[in-house]
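The values are calculated or read from the model by the stated rules, or taken from the named source; none is laboratory data. In this text, all values refer to a predicted model and were calculated from it rather than measured experimentally. Cβ sites come from the backbone with ideal geometry, for glycine too, and all protein chains shown count toward neighbours. Just so you know, the surface numbers come from the protein's heavy atoms only, side chains and all, with ligands and any DNA or RNA stripped out. Shrake-Rupley method; radii C 1.70, N 1.55, O 1.52, S 1.80 Å.
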Amino acid sequence: MSRIYELRLMARVAQLYHEKNLKQAQISKQLHLSQATVSRLLSRAVDEGIVRITINAPRGTYPQLEDQLRDRYRLAEVVVAECYEDRDEAILSAIGSAAAYYFESTVSPDEVIGISCWSSALLRLVDAIHPIKRLKAEKVIQLVGGIGNPAVQSHATQITTRLASLVGADPVLLPAPGVTASSAARLVMLGDGYVRSTMEQFRRLTMAIVGIGTLEPSYMLHNSGNTFAADELSDLKQRGVVGDICMRFFDADGRFVDSPFDERVIGITLPELKSVPHVIGVAGGARKTATIHGALVGGWVDTFITDKFTAERLLSLPFPHRE
């Protein structure tokens, strides 16, 4: 009979805690039990099925999609944003706002933040962030060369400097083009003290925020001049490239694709990115779905922020065999 009385005590403690909203110390005093016993009984009440925890997801949130994406791609965190239209402009607005809130909630004091600069999604993210009071990050570092067509270069600079201002950090720009005309030109640029100093700080990053790009460059990137010619893009496609992160290319299975073009990029490498403790990828849209899939399979980000339409498409794609 002792078990029935034990179960009864579990139920009584659970009733006081969950229904009467008493604190564990109060329950301890009322029932003449130690706080350790109260804590143990509450835990066992869940194990015994006396207490069942039900989470009612608020309208506009997608915990099931997020769980499935976390499990499928082995991600630390996924945020799926509400979006009413499956078109690029609506998706950019939705994921920019979701990513801004996630960033505001997770950024820490003294953080060294890296951000890629030729991404429309990240521009929306920065535009949506509110000034964070009582926070002083250390630095915000540009991850890819930001010099290009003046018509869009201001956006690339703004992403870094505006984010730095919002978190009370020093902005660190990478004063070079993202893509040089030749590998020799890249070596000349790397000889510049400011460029070299910025790139040496990549090893200090504690957080990186990156977009995920298709092989066909976005409007912003194309207009910046920091991209490859049509015949070069065709060559990359023949090598199996489906997309890039920070101008570093990968295939459909997420594997880095080494090519001569890599020697013309000024920015963080994928191995350097992989060593950053917290890498946030922000991307969505029908034309990017297969590219995002490759990036997630490759494990290039640990946190992913997208929209509900892209999330559903990703879950419908076949998954490559993984050891």
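Considering only region 298-323, state which residues are open to solvent by 20 Å² or more (accessible area, probe 1.4 Å) and either farther than 22 Å from residue 85 by Cβ or hydroxyl-bearing (Ser, Thr, Tyr) (or both). So that I can check it myself, show each step before the final result.
The initial filter retains those residues of region 298-323 that are open to solvent by 20 Å² or more (accessible area, probe 1.4 Å), namely 299-300, 302, 308-309, 312-313, 315-323.
Listed by number, the residues that qualify are 299, 300, 302, 316, 318, 319, 320, 321, 322, 323.
Take region 26-42 and flag every residue that is open to solvent by less than 50 Å² (accessible area, probe 1.4 Å) and over 40 Å from the mean Cα position of the chain (by Cα).
Initial filter on region 26-42 (open to solvent by less than 50 Å² (accessible area, probe 1.4 Å)): 27-28, 31, 33, 37-38, 41-42.
Of everything in region 26-42, those that are open to solvent by less than 50 Å² (accessible area, probe 1.4 Å) and over 40 Å from the mean Cα position of the chain (by Cα) turn out to be 27, 28, 31, 33, 37.
May I ask you to say which residue of 287, 313 is in contact (Cβ under 8 Å) with a residue 60 or more places away in the chain, of a type in the set (Lys, Arg) and part of a helix (DSSP H, G or I)?
Working: 313 fails: in contact (Cβ under 8 Å) with a residue 60 or more places away in the chain.
Matching residue, one of 287, 313: 287.
What pairs come out if I take residues in region 164-189 that are touching a residue at least 40 places away in the same chain (Cβ under 8 Å) and pair them with residues that are of a type in the set (Lys, Arg) and open to solvent by less than 60 Å² (accessible area, probe 1.4 Å) whose C-beta lies under 6 Å away, six or more apart or interchain?
Going by the 6 Å Cβ cut-off, the qualifying pairs are 169/139; 179/264; 180/186; 180/264; 183/264; 186/264.
I'd like to verify a number: residues in region 125-157 that are open to solvent by 70 Å² or more (accessible area, probe 1.4 Å), in a helix (DSSP H, G or I) and either modelled with pLDDT of 80 or more or over 22 Å from residue 267 (Cα atoms) (or both), how many?
Going through region 125-157 one residue at a time, the tally reaches 1.
Given the structure, is residue 162 farther than 30 Å from residue 229 by Cα, at pLDDT 90 or above and open to solvent by 30 Å² or more (accessible area, probe 1.4 Å)?
Details: farther than 30 Å from residue 229 by Cα: yes; at pLDDT 90 or above: yes; open to solvent by 30 Å² or more (accessible area, probe 1.4 Å): yes.
Yes, satisfied.
Just wondering, is there one or more residues in region 224-243 that are modelled with pLDDT under 75, in a helix (DSSP H, G or I) and in the same structural domain as residue 114 (by the TED database)? Steps first, please.
Of all residues in region 224-243, those modelled with pLDDT under 75 come to 224-229.
Still in the running and in a helix (DSSP H, G or I): 224.
Filter again for in the same structural domain as residue 114 (by the TED database), leaving 224.
Looking for residues that are modelled with pLDDT under 75, in a helix (DSSP H, G or I) and in the same structural domain as residue 114 (by the TED database), one finds at least one in region 224-243, hence yes.
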